[in-house]
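The block underneath contains the structure these notes are about, expressed in structure tokens.
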């Protein structure tokens, strides 16, 4: 989950590397480092903590070089400390790495016997010594890198430079994302823009210099030089990869007037939903073509749905299961991607495999998708926020959520736009199965179009939620309750709170209280309830009485017409309107705001919570 930036240009690249790391810091912030090659040779700088510390160090020593590599780390092998920070070196060679080398222990033993000394606990240092060993045979750097990575097992993105071969950087990809950026005289925004070739884990790091990009494929290696690049496979076979112009806006990844990215992204949800759903326009019907050219033929063969996802995306899938089974009449299973491929399962070729990921680079979700396909389920659909991602390229069908960049580690607008996409999928499958008449279809489309306005009205409740957060701040534990399709919303609310405030929180189906969790309830544990005015409301009210009878304090997010009365120990916040099957999208928004404001009161790092990173590109 680390972030990589590399550059070979016609002028000092330090500012490009550091700015790229700032844009990639959501991918990891345990430590940061850079390596440069100049006429003075190899320079390496490393710091524990944020990119700001590295920037200060670079300014102090007046670091400079026309080729360089940089890295921001999320620790996998070895504690976050300077000796484990990237870049790692072997002689005059330096390397940065994202991913995990699974056979690093065997290689470490082999290289140790050959006389190499290891000073870190990382798997990356093994790769540095392995490439250096290949260079001792007289190999060119590009050849040495290809020879070394042919021996690696696992997932990786690498960038390598060598002071003995200046003016070039070698990059390689297997599993972890890596993009090239090209900026020549015609592309440069102004005279100050460096001309050269660049690489990064994410397009956001490249926008500062160019919008012309190339997605490397698994098994690709590339040589970057000031005047261009060349790409080969690991065996040296030359390949061409299509250039594209990134549609990502540089302004979209700026914080603007907001205090945190999470706050910005919560309040961007009406616009994100509007953009995601704009293809509906004035349409009177849902069309399979929203999901790709082959969708009509594929949907006609679908007899069940399998959803694969992790974390927040998994919760979106759980909500969708209620919709798909109730409205489309199709069996739907939802699997945690990291578990799915490690158990025996029964494959059905008539299954639509739906993989959900904000980044499209989630290693577990990609592996689960490949597992499903290998077991004879070819009908695949990606629901993803990154059109240039691996997930989108690996599925037969796709729906791009168009939420815009999401920088905060705790996902918000990606979740609600995933839900909107999944509801569109539900309606499409329902129509395919003859379960959506014209009147219902028109009403559902109107409800979707109104969603941005409805979410905007919920956001107006922020002052009341901020007051609740003050009461929450001293809590060490919390329960979140929901029923039916709002049980996954309770799970999501609990996840948000624990992610950024570090309060232990659990989501439960409210009917399960008396089967164990009720033993935990006392006046010190707040209990949050999601209480829409639906067929399960009376059941939920009984569960809430169980909490009050044990002295528990209730915080209830209810619909305007939910007949729940505030009293001592029962706090009610009413949403502006009831929204039927789509109410899950409205009820999650105040839970996001609650987590955000509780974290503010507790003084935690909202956008970069400890031990977490945004894009989980390792298993």
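The values are calculated or read from the model by the stated rules, or taken from the named source; none is laboratory data. Given the structure is predicted, the values throughout are model-derived calculations rather than measurements. Here Cβ is always computed from backbone atoms with ideal geometry, including for glycine, and neighbour counts include all displayed protein chains.
Tell me which residues, restricted to the stretch 73-83, are outside any loop (DSSP other than H, G, I, E, B), without any contact (Cβ under 8 Å) to a residue 60 or more places away in the chain and touching a strand residue (DSSP E or B) at 6+ places or on another chain (Cβ under 7 Å).
Within the stretch 73-83, the first condition is being outside any loop (DSSP other than H, G, I, E, B), and the residues that meet it are 73, 82-83.
Keeping just the survivors that are without any contact (Cβ under 8 Å) to a residue 60 or more places away in the chain gives 82-83.
Correct list: 82 only.
Of all residues in the stretch 172-201 being assigned to a strand (DSSP E or B) and within 17 Å of residue 66 (Cβ to Cβ), which is modelled with the lowest pLDDT?
Within the stretch 172-201, the subset assigned to a strand (DSSP E or B) is 172-175, 179-183, 196-200.
Then drop every residue that is not within 17 Å of residue 66 (Cβ to Cβ), which leaves 181-183, 196-199.
Details: 181: 95, 182: 95, 183: 92, 196: 95, 197: 97, 198: 97, 199: 97.
Per the criteria, the residue is 183.
Evaluate the following for residue 53: is it more than 23 Å from the chain's Cα centre (by Cα) and part of a helix (DSSP H, G or I)? Can you show your working first?
Working: more than 23 Å from the chain's Cα centre (by Cα): yes; part of a helix (DSSP H, G or I): yes.
Yes, satisfied.
So residue 325 passes all but one of these: (1) in the same structural domain as residue 399 (by TED's automatic domain parsing); (2) touching a residue at least 24 places away in the same chain (Cβ under 8 Å); (3) surrounded by 14 or more Cβ atoms within 10 Å (Cβ to Cβ); (4) out of contact with any helix residue (DSSP H, G or I) (no Cβ under 9 Å at 6 or more places or on another chain). Which condition number does it fail?
Of the numbered conditions (1) in the same structural domain as residue 399 (by TED's automatic domain parsing); (2) touching a residue at least 24 places away in the same chain (Cβ under 8 Å); (3) surrounded by 14 or more Cβ atoms within 10 Å (Cβ to Cβ); (4) out of contact with any helix residue (DSSP H, G or I) (no Cβ under 9 Å at 6 or more places or on another chain), the odd one out for residue 325 is (2).
Please verify whether residue 102 is within 22 Å of residue 150 (Cβ to Cβ), at pLDDT below 95 and either in contact with a helix residue (DSSP H, G or I) (Cβ under 7 Å, 6 or more places away or on another chain) or assigned by TED's automatic domain parsing to the domain that holds residue 42 (or both), treating the condition exactly as stated.
Details: within 22 Å of residue 150 (Cβ to Cβ): yes; at pLDDT below 95: yes; either in contact with a helix residue (DSSP H, G or I) (Cβ under 7 Å, 6 or more places away or on another chain) or assigned by TED's automatic domain parsing to the domain that holds residue 42 (or both): yes.
Yes: the conditions hold for residue 102.
So which of 308, 273 ends up being at pLDDT 90 or above, buried (at least 20 other Cβ atoms within 10 Å of the Cβ) and outside any helix (DSSP H, G or I)?
From the options 308, 273, the qualifying one is 308.
Have a look at 554, 591, 612 and point out the one that is at pLDDT 90 or above and touching a helix residue (DSSP H, G or I) at 6+ places or on another chain (Cβ under 9 Å).
On inspection, the qualifying residue turns out to be 591.
For the stretch 584-602, enumerate the residues that are in contact with a strand residue (DSSP E or B) (Cβ under 7 Å, 6 or more places away or on another chain) and either surrounded by fewer than 21 Cβ atoms within 10 Å (Cβ to Cβ) or farther than 19 Å from residue 527 by Cβ (or both).
Passing the criteria: only 586.
When you look at residue 94, is it crowded, with 24+ Cβ neighbours inside 10 Å, part of a helix (DSSP H, G or I), touching a residue at least 40 places away in the same chain (Cβ under 8 Å) and in the same structural domain as residue 153 (by TED's automatic domain parsing), yes or no? Spell out the reasoning first.
Working: crowded, with 24+ Cβ neighbours inside 10 Å: yes; part of a helix (DSSP H, G or I): no; touching a residue at least 40 places away in the same chain (Cβ under 8 Å): yes; in the same structural domain as residue 153 (by TED's automatic domain parsing): yes.
In short, no.
Within the stretch 330-379, can you find the residues that are over 19 Å from residue 398 (Cβ atoms), within 16 Å of the chain's Cα centre (by Cα) and in a loop (DSSP other than H, G, I, E, B)?
none
Read through the list (1) closer than 23 Å to residue 12 by Cβ; (2) at pLDDT 85 or above; (3) not in a helix (DSSP H, G or I), then give the number of the only condition that residue 204 fails.
For residue 204, the failing item is (3).
Filter the stretch 214-262 for residues that are surrounded by 15 or more Cβ atoms within 10 Å (Cβ to Cβ) and in contact with a helix residue (DSSP H, G or I) (Cβ under 6 Å, 6 or more places away or on another chain); which is farthest from residue 458 (Cα to Cα)?
Within the stretch 214-262, the match that is farthest from residue 458 (Cα to Cα) is 234.
Please verify whether residue 108 is closer than 16 Å to residue 128 by Cα and assigned by TED's automatic domain parsing to the domain that holds residue 167, treating the condition exactly as stated.
yes
Does the stretch 98-109 include one or more residues that are part of a strand (DSSP E or B) and within 18 Å of residue 46 (Cβ to Cβ)?
Scanning the stretch 98-109, I find at least one residue that is part of a strand (DSSP E or B) and within 18 Å of residue 46 (Cβ to Cβ), so the answer is yes.
For residue 198, indicate whether it is in contact (Cβ under 8 Å) with a residue 60 or more places away in the chain and more than 18 Å from residue 14 (Cα to Cα).
Answer is no for this residue.
Of the conditions (1) under 22 Å from residue 507 (Cα atoms); (2) assigned to a helix (DSSP H, G or I), residue 298 clears all except one; give me its number.
For residue 298, the exception is condition (1).
Given the residues 412, 439, which is the only one that is without any contact (Cβ under 8 Å) to a residue 40 or more places away in the chain and either surrounded by 22 or more Cβ atoms within 10 Å (Cβ to Cβ) or closer than 21 Å to residue 451 by Cβ (or both)?
Residue meeting the stated conditions: 439.
This table checks each residue for (1) touching a helix residue (DSSP H, G or I) at 6+ places or on another chain (Cβ under 8 Å); (2) at pLDDT below 95.
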{"site": "393", "(1), (2)": "no, yes"}
{"site": "402", "(1), (2)": "yes, yes"}
{"site": "409", "(1), (2)": "yes, yes"}
{"site": "412", "(1), (2)": "yes, no"}
{"site": "421", "(1), (2)": "yes, no"}
{"site": "425", "(1), (2)": "yes, no"}
{"site": "442", "(1), (2)": "no, yes"}
{"site": "449", "(1), (2)": "yes, yes"}
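Exactly one of (1) on the phi > 0 side of the Ramachandran plot; (2) in contact (Cβ under 8 Å) with a residue 24 or more places away in the chain; (3) outside any strand (DSSP E or B) is unmet by residue 115. Its number?
Residue 115 satisfies all of (1) on the phi > 0 side of the Ramachandran plot; (2) in contact (Cβ under 8 Å) with a residue 24 or more places away in the chain; (3) outside any strand (DSSP E or B) except (2).
Could you grab me the full set of residues in the stretch 39-65 that are buried (at least 16 other Cβ atoms within 10 Å of the Cβ) and modelled with pLDDT under 90?
If the condition is that a residue be buried (at least 16 other Cβ atoms within 10 Å of the Cβ) and modelled with pLDDT under 90, then 50 is the only one that fits.
Among what's in the stretch 380-405 and is in a strand (DSSP E or B) and within 15 Å of the chain's Cα centre (by Cα), pick the residue that is surrounded by the most Cβ atoms within 10 Å (Cβ to Cβ).
First, the residues of the stretch 380-405 that are in a strand (DSSP E or B): 380-384, 397-400.
Checking the rest, the ones that are also within 15 Å of the chain's Cα centre (by Cα) come to 382-384, 400.
Numbers: 382: 29, 383: 33, 384: 29, 400: 18.
In this case the residue turns out to be 383.
Got at least one residue in the stretch 463-476 being assigned to a strand (DSSP E or B) and in contact with a strand residue (DSSP E or B) (Cβ under 7 Å, 6 or more places away or on another chain)?
Checked the stretch 463-476: no residue is assigned to a strand (DSSP E or B) and in contact with a strand residue (DSSP E or B) (Cβ under 7 Å, 6 or more places away or on another chain).
If you take the residues of the stretch 495-517 that are surrounded by 24 or more Cβ atoms within 10 Å (Cβ to Cβ), in a helix (DSSP H, G or I) and touching a strand residue (DSSP E or B) at 6+ places or on another chain (Cβ under 8 Å), which of them is modelled with the lowest pLDDT?
Checking each candidate, the answer is 510.
Suppose the filter is in a strand (DSSP E or B), in the same structural domain as residue 174 (by TED's automatic domain parsing), in contact with a strand residue (DSSP E or B) (Cβ under 6 Å, 6 or more places away or on another chain) and buried (at least 24 other Cβ atoms within 10 Å of the Cβ); does residue 16 pass it?
The answer is no for residue 16.
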